[in-house]
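Heads up: the structure comes next, in structure tokens.
The values are calculated or read from the model by the stated rules, or taken from the named source; none is laboratory data. Remember, predicted model here, so these are calculated numbers, not experimental data. Quick reminder, even Gly has a Cβ in these numbers, built from the backbone with ideal geometry, and neighbours come from all protein chains shown. Heavy atoms of the whole protein, side chains included, go into the accessibility calculation; ligands, DNA and RNA do not. Shrake-Rupley method; radii C 1.70, N 1.55, O 1.52, S 1.80 Å.
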Amino acid sequence: MGKGKIKNKGSRSRRAPNRLEYLNTVPDVVDVHVALPGGEGVDLRCVSTDTLVDVRVALSELPETCHLTSYSLRRANEAGDVLKRDLEVVALKPNRVALAEEPYDGREAAMAQAQRFMDLFSCATLVGPGAK
């Protein structure tokens, strides 16, 4: 028998790097305190992979903050810098943010927000317990 080369010997022995390896770790629970304009605050339990978009979604589901539609999240310190929406919750040090109400840019923005509210309200009444 002749001496043959084994093909792809090196590729079998090496493991390809997993680009999504960070998803295999268990996320941590992070408590975030949101200071509301009235002086009170809300504590949210978030996951370490959450962003401020997820915090905004959680705020829209709470009875204390569901009526707020035009606001920004700022750092809860003296400077009060506006935070970007894609900022992760674990990057907040300390885990405190302040909710600052923002005025609508114009009549069109206010009308669009009212239209979205009416669309949501009509969908909820059509599929709610009283719908037949």
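Some points to look at:
- Answer residue from region 106-132, given it is at pLDDT below 75 and open to solvent by 90 Å² or more (accessible area, probe 1.4 Å) and is farthest from R75 (Cα to Cα) among those: K132
- Among the criteria (1) at pLDDT 75 or above; (2) farther than 28 Å from T25 by Cα, the one D43 does not fulfil is (2).
- A residue that is at pLDDT 90 or above and open to solvent by less than 30 Å² (accessible area, probe 1.4 Å) cannot be found anywhere in region 60-68.
- Subset of region 37-53 (residues that are open to solvent by 30 Å² or more (accessible area, probe 1.4 Å), under 13 Å from L99 (Cα atoms), in a strand (DSSP E or B) and of a type outside the set (G, A, S)): D43
- Taken over region 54-112, the criterion of being part of a helix (DSSP H, G or I) and within 16 Å of the chain's Cα centre (by Cα) is satisfied by D54, V55, R56, V57, A58, L59, S60, E61, V89, V90, A91.
- Taking first residues from region 89-118 that are without any contact (Cβ under 8 Å) to a residue 24 or more places away in the chain and partners that are surrounded by 13 or more Cβ atoms within 10 Å (Cβ to Cβ), the Cβ contacts under 7 Å between residues at least 6 apart in sequence or on separate chains come to A110/Y104.
- Checking region 78-92 against the condition returns a match, with at least one residue being open to solvent by 90 Å² or more (accessible area, probe 1.4 Å) and modelled with pLDDT under 80.
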